[in-house]
Amino acid sequence: MIDPRFVYLAVALSVVGAYGYIRDTRRGTTSPNRVTWSLWGVEGVLAFSVEIQQHVGLAALMTLMLGLVPCAVVVASFRNPHGVWKLGAFDAVCGAVSLGGLIFWAFINEPTVALVSFVVADQMAALPTIRKSWRMPSTESPRLFFLGSANCAITLLTLTKLTAAGVLFPGCILVTDLIVGLLIVSNVGPRVRGENYGVTNPKMA
């Protein structure tokens with residue numbers, strides 16, 4: 001484990017990543033999926049409140065950033081309506097399932113089951129952006145996701161006591177952010193479709 005104060009470094013990296021993503025969103029070079037980012041914002045703030053109750057410590061600051069950054073992204077998306085990803089049925093279904101998981105989490109009294117339902121809700125919220133990063137990676141900015149993965153790794157290393165409440169949520173975010181970042185920089189989705197189906201323009205997929 002490392003000094004818990006390293007969480008301040010994680011927070012700083014989160015701010016740097018958020019600045020770049022919000023800048024690209026306002027310019028229209030990045031098109032955030034509002035379903036994903038809205039739910040991530042709600043879930044991050046809720047997870048922060050739970051971690052405070054569980055006395056997680058300084059690591060909870062990083063969880064708070066996992067809520068505040070998505071909220072800032074959603075706000076920025078309204079400054080450039082042409083830079084927002086068009087939502088479809090898949091996004092709506094994922095959003096509905098994610099909300100259902102959050103409602104279940106709010107009313108269940110079994111802590112372990114509630115935590116699992118919360119993480120499932122978070123991963124369902126991530127699916128639209130994962131799918132978008134596969135289909136059109138050019139509409140995303142990878143730096144925020146790689147920094148987010150690093151931030152979560154730092155946060156996990158600062159934990160003085162490993163608990164499900166402290167580990168599961170940032171651990172899942174770490175993996176999700178890494179997957180999204182790799183999908184964007186590798187451009188693997190368009191390349192695979194181009195090889196298999198003759199699609200050369202990712203915007204046609």
Practice prompt. Would you mention how many residues in the range 1-22 are out of contact with any Leu (no Cβ under 9 Å at 6 or more places or on another chain) and not in a helix (DSSP H, G or I)?
Written response: 1
Practice prompt. Among the candidates LEU144, LEU102, single out the residue that is closer than 23 Å to MET65 by Cβ, at pLDDT 90 or above and not in a loop (DSSP other than H, G, I, E, B).
Written response: LEU144
Item to complete: Please work out if LEU9 is more than 17 Å from the chain's Cα centre (by Cα) and modelled with pLDDT of 85 or more.
Response: yes
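Look through THR63, THR25, THR29, THR36 and report the one residue that is closer than 30 Å to LEU9 by Cβ and in contact with a Phe, Trp or Tyr (Cβ under 8 Å, 6 or more places away or on another chain).
Values: THR25 fails: in contact with a Phe, Trp or Tyr (Cβ under 8 Å, 6 or more places away or on another chain); THR29 fails: in contact with a Phe, Trp or Tyr (Cβ under 8 Å, 6 or more places away or on another chain); THR36 fails: in contact with a Phe, Trp or Tyr (Cβ under 8 Å, 6 or more places away or on another chain).
Of the residues listed, the single one that is closer than 30 Å to LEU9 by Cβ and in contact with a Phe, Trp or Tyr (Cβ under 8 Å, 6 or more places away or on another chain) is THR63.
If you go through the range 76-97 one residue at a time, do you hit one that is more than 22 Å from GLN123 (Cα to Cα), among the hydrophobic types (A, V, I, L, M, F, W, C) and part of a helix (DSSP H, G or I)? Walk me through how you get there before you give the answer.
Let us first name the residues in the range 76-97 that are more than 22 Å from GLN123 (Cα to Cα), namely 76, 78-83.
Then keep just the ones that are among the hydrophobic types (A, V, I, L, M, F, W, C); that gives 76, 78.
Narrowing further to those that are part of a helix (DSSP H, G or I): 76.
For the range 76-97, residues more than 22 Å from GLN123 (Cα to Cα), among the hydrophobic types (A, V, I, L, M, F, W, C) and part of a helix (DSSP H, G or I): present.
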Worksheet item: Restricting attention to the range 161-178, and to residues there that are within 18 Å of HIS55 (Cβ to Cβ) and of a type outside the set (A, V, I, L, M), which single residue is surrounded by the fewest Cβ atoms within 10 Å (Cβ to Cβ)?
Response: LYS161
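Any chance you could count how many residues in the range 51-63 are within 11 Å of THR163 (Cβ to Cβ) and either in a helix (DSSP H, G or I) or in contact (Cβ under 8 Å) with a residue 12 or more places away in the chain (or both)?
Looking only at that region, the number is 5.
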Worksheet item: Which condition number in (1) within 23 Å of ALA59 (Cα to Cα); (2) of a type in the set (Val, Ile, Thr); (3) surrounded by fewer than 17 Cβ atoms within 10 Å (Cβ to Cβ); (4) in contact with a helix residue (DSSP H, G or I) (Cβ under 7 Å, 6 or more places away or on another chain) is the one that THR158 fails?
Response: (3)
Worksheet item: Which one of these does PRO32 not meet: (1) assigned to a helix (DSSP H, G or I); (2) within 15 Å of the chain's Cα centre (by Cα)?
Response: (1)
Fill in: Residues within the range 75-99 that are surrounded by 19 or more Cβ atoms within 10 Å (Cβ to Cβ) and at pLDDT 85 or above, tallied
6
Discussion item. Whether any residue in the range 107-127 is at pLDDT below 90, under 19 Å from the mean Cα position of the chain (by Cα) and of a type in the set (Phe, Trp, Tyr) is what I want to check.
Written reply: yes
Worksheet item: Taking into account only those residues within the range 39-50 that are of a type outside the set (Val, Ile, Thr) and in contact (Cβ under 8 Å) with a residue 40 or more places away in the chain, which is nearest to GLY20 (Cα to Cα)?
Response: TRP40
Worksheet item: Any idea how many residues of the range 158-179 are in a helix (DSSP H, G or I), in contact (Cβ under 8 Å) with a residue 40 or more places away in the chain and not aliphatic (A, V, I, L, M)?
Response: 6
Practice prompt. Might you let me know whether the range 55-62 holds any residue that is surrounded by fewer than 18 Cβ atoms within 10 Å (Cβ to Cβ) and either under 24 Å from ARG131 (Cα atoms) or over 15 Å from the mean Cα position of the chain (by Cα) (or both)?
Written response: yes
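The values are calculated or read from the model by the stated rules, or taken from the named source; none is laboratory data. What you see is a predicted model, and the numbers here were worked out from it, not measured in a lab. A quick note on method: Cβ atoms are made from the backbone with ideal geometry, for glycine too, and the neighbour counts reach across all protein chains shown.
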